[in-house]
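Heads up, the thing below is written out as structure tokens.
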Amino acid sequence: MGENMLIIMKLIIVTMISLFLAIIIGLILIPYLKKRKKSQTLSIYLSERHKDKSHTPTMGGLIFIIPPLLIITILLLMHKITFSYNLFIILFTFLSYGFIGFIDDYLIIKKHNNAGLSETSKLIMQIIWATIIFYFFLKGGNEPLIWIHTLNIKINIGWLYGIFILLVLTSSSNAVNITDGLDGLAGGLSLIAFFTLGIITLNTGWLEGYVEITLFIFALIGSLISFLMFNTHPAKIFMGDTGSLALGATMGMVAILTRHELLLIIIGIVFVIETLSCLIQRGYYKLTQKRIFPMTPIHHTFENMMAETDVVKMFWLLGLIASLASLLFGVWI
């Protein structure tokens, strides 16, 4: 069996194992959270159709966070894969941003409102994590380069790259968090994005630990597939900030390590559109006291024109088209 075929078989195996583990965790977690009444308080500005979701449990991100971490840990302990700083960076990003989200979800549930962590507290925690990540990024032999592959441009920005990492992780994690407003929307888009990033990572043979990172990504893909079984309409559980912050930050970190930060804008085009709709709405309202869109994030505006499931399918399709276009540049060009 050729080396490439062996890697593909490993990817299939970890995907399947993670998929089954996530199903088991979901079947245990959802009844537990319902029993403990761990549901999220919904915004008063949401339409009537969302009121029946007020008792849906949150913190569902644990369904897709636990399996890939467990699988990679077992593989490391069994010496089936090799430890590298790059793999550690991915795992640390995934876990640390998930931890921020977990605290936020817990406070929201405890206070029975949408307050959660303050923006200042979130930013402080993100700065701390980004500093640690930057340290291991350099220790792993990575250079602080802005690298535009298509134009073969490399710009060394030194310590400023630490700030760049903070900006990428903060923007990508918040973008997924903003998009997580309809059943299956953020989960499906994340699945598409990570599949794309997984293929791109597998093509970066120059990156130390690229096979192990790809294994982690496909383990995450398997658990996301199972999560969607519980999260598509009507959702039995929400991913919460626990899941959305972990997913978004990890997307950003994979893009950084594979030197496809700019390509992430195309891969996550729906996340970008959702975030921009909020920024434009807020900026325009401050200037004119008027709104451009009926509601933001933009998926709520579309929800007023069509069924929730149709909005999700439309955004999934847009995400898929953008990801296929990204593969053209990320792998072939």
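Within segment 271-290, how many residues turn out to be surrounded by fewer than 16 Cβ atoms within 10 Å (Cβ to Cβ) and either in contact with a helix residue (DSSP H, G or I) (Cβ under 9 Å, 6 or more places away or on another chain) or part of a helix (DSSP H, G or I) (or both)?
11
Being at pLDDT 95 or above, of a type outside the set (Ser, Thr, Tyr), touching a Lys or Arg at 6+ places or on another chain (Cβ under 9 Å) and within 20 Å of residue 94 (Cα to Cα), is that true of even one residue in segment 161-182?
Among the residues of segment 161-182, not one is at pLDDT 95 or above, of a type outside the set (Ser, Thr, Tyr), touching a Lys or Arg at 6+ places or on another chain (Cβ under 9 Å) and within 20 Å of residue 94 (Cα to Cα), which makes the answer no.
Quick one: which of 240, 252, 319 is of a type in the set (Gly, Ala, Ser), within 30 Å of residue 141 (Cα to Cα) and crowded, with 20+ Cβ neighbours inside 10 Å?
Checking each option against the conditions leaves just 252.
Yes or no: residue 292 among the β-branched types (Val, Ile, Thr), more than 16 Å from the chain's Cα centre (by Cα) and under 24 Å from residue 117 (Cα atoms)?
So residue 292 fails the test.
Can you name the residue in segment 155-194 that is buried (at least 20 other Cβ atoms within 10 Å of the Cβ) and not in a helix (DSSP H, G or I) and is also nearest to the chain's Cα centre (by Cα) among such residues?
Once the filter is applied, the top-ranked residue is 180.
Which residue out of 308, 261 is among the acidic types (Asp, Glu), under 30 Å from residue 19 (Cα atoms) and more than 15 Å from the chain's Cα centre (by Cα)?
Just one listed residue meets the conditions, 308.
So which residues in segment 123-154 are in a strand (DSSP E or B) and free of Cβ contacts under 8 Å to residues at least 40 places away in the same chain?
153, 154
What about residue 147, is it under 26 Å from residue 218 (Cα atoms) and touching a strand residue (DSSP E or B) at 6+ places or on another chain (Cβ under 6 Å)?
yes
Could you tell me whether segment 291-302 includes any residue that is among the basic types (Lys, Arg), assigned to a loop (DSSP other than H, G, I, E, B) and either without any contact (Cβ under 8 Å) to a residue 40 or more places away in the chain or within 17 Å of residue 180 (Cβ to Cβ) (or both)?
yes
Suppose we filter 61, 26 for residues that are under 25 Å from residue 132 (Cα atoms) and at pLDDT 95 or above; which single one remains?
Just one listed residue meets the conditions, 61.
What residue, of 109, 100, 133, is in contact with a Ser or Thr (Cβ under 9 Å, 6 or more places away or on another chain), crowded, with 20+ Cβ neighbours inside 10 Å, farther than 29 Å from residue 163 by Cα and β-branched (Val, Ile, Thr)?
Only one candidate passes the filter, namely 109.
Go through the residues of segment 55-63 one by one and say whether even a single one is within 21 Å of residue 210 (Cα to Cα) and either outside any helix (DSSP H, G or I) or among the aromatic types (Phe, Trp, Tyr) (or both).
Within segment 55-63 (the criterion being within 21 Å of residue 210 (Cα to Cα) and either outside any helix (DSSP H, G or I) or among the aromatic types (Phe, Trp, Tyr) (or both)), the answer is no, since none of the residues qualifies.
The values are calculated or read from the model by the stated rules, or taken from the named source; none is laboratory data. Just so you know, these numbers come straight off a predicted model, no measurement behind them. Virtual Cβ from ideal backbone geometry, glycine too; neighbours counted across all protein chains shown.
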